[in-house]
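The values are calculated or read from the model by the stated rules, or taken from the named source; none is laboratory data. Since the model is a prediction, treat every value here as computed from it, not as a measurement. Cβ: placed from backbone, ideal geometry, glycine included. Neighbour counts: every protein chain shown. For accessibility, only protein heavy atoms count, side chains too; no ligands or nucleic acids. Shrake-Rupley method; radii C 1.70, N 1.55, O 1.52, S 1.80 Å.
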Amino acid sequence: MAKKLTLLGKQTKGWMSPDEAVIETVPNPHADVDYVVRFTCPEFTSLCPLTGQPDFAHMVIDYVPQKRIIESKSLKLFMASFRNHGAFHEDCTVGIAKRLIKAVKPKWLRIGGYWYPRGGIPIDVFYQYGELPSGVWVADMGVAPYRGRG
């Protein structure tokens, strides 16, 4: 039995913090096969927890679903909830992965957080959960390493 969606098809205000954000899921229409779902968030923002200055990242999330898939509007609102949230790059990236794992219980998930420089140093954070099922093709994340003007 499907859970009732509360965000899709309705005007929504969004969430002020990731802690209050809701990640909704729907039944996987192809639970009989393994496949990869990719979400790309090229304009992710959060705040430095010490200075309050904005941080920017290009996030790429890949996962192999089981019984449920992530509803994309709720993911968009969840990701936007970080705009006023103070956390280090590592906390944001791994925290996003943990929330998605809790919500959808995937067979496999990986996230790449490609953060733009803070203090002159770009920080990239990668996290993986589970084992990639045999025979599943996963594309390269496609995000170039930071090169500045070089």
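In the chain, how many lysine pairs have Cα atoms under 17 Å apart, counting only pairs 8 or more places apart or on different chains?
Close lysine pairs under the 17 Å cut-off: 16.
Identify which of E24, E131, E71 has the largest mean-square fluctuation in a Gaussian network model of the chain, with springs joining Cα atoms closer than 10 Å.
Most flexible of the set in this elastic network: E131.
Can you give the relative contact order of the stretch 51-150 as a percent, counting alpha carbon pairs under 8 Å and 6+ residues apart? Intermediate values should be presented prior to the final figure.
Details: 116 pairs, mean separation 33.3, N = 100.
Worked out over the stretch 51-150, it gives 33 percent.
What area, in nm² and to one decimal, does the C-alpha convex hull of the stretch 24-72 cast on average over all directions?
Working: hull surface 17.1 nm².
Approximately 4.3 nm², given one-decimal rounding.
Quick one: angle between helix 89-104 and the longest Cα principal axis of the chain, in degrees between 0 and 90, rounded to 10, please.
Long axis of 89-104 versus the principal axis of the chain: about 10 degrees.
Using the Cα centre as the reference, give the magnitude of the dipole from point charges on the C-beta atoms of the stretch 40-79 (Lys, Arg: +1; Asp, Glu: -1; all else neutral), rounded to the nearest 20 debye. Please list the in-between numbers first.
On the way: 4 positive and 4 negative charges, 54 e Å.
Dipole of the stretch 40-79, to the nearest 20 debye: 260 debye.
Could you put H89, H30, H58 in order of accessible surface area, largest first, with the 1.4 Å probe and the full protein assembly present?
Numbers: H89 0, H30 100, H58 40 Å².
Correct descending sequence by accessible area is H30, H58, H89.
Counting Lys +1, Arg +1, Asp -1, Glu -1, what net charge surrounds G113 among other residues with beta carbon under 12 Å of its beta carbon? Mind showing how you got there, number by number?
On the way: positive: R110; negative: D55, E90, D91, D124.
Spelling it out: positives minus negatives among the neighbours equals -3.
Which residue fluctuates the most in the chain, going by a Gaussian network model with Cα springs under 10 Å, if the choices are S46, S134, S72?
Answer for the Gaussian network model of the chain: S134.
Scan around E24 for amide H atoms under 5 Å from its own, H built in the peptide plane at 1.01 Å from N, and keep only partners 5 or more places away or cross-chain.
Amide H neighbours of E24: E71, S74, L75.
Note down the net charge around G52, summing +1 for each Lys or Arg and -1 for each Asp or Glu among other residues with Cβ under 14 Å from its Cβ.
Charge balance near G52 sits at +1.
From the phi of every residue in the stretch 110-120, what ³J(HN,Hα) in whole Hz does the Karplus formula 6.51 cos²θ - 1.76 cosθ + 1.60 yield, where θ is phi - 60° and glycine or proline is x?
Along the stretch 110-120, the couplings run 9, 9, x, x, 9, 8, 6, x, 10, x, x Hz.
Quick one, which of [x] 144; [y] 81; [z] 121 is the actual volume of the Cα convex hull per residue in Å³ calculated for this model?
Derived directly from the coordinates: [z].
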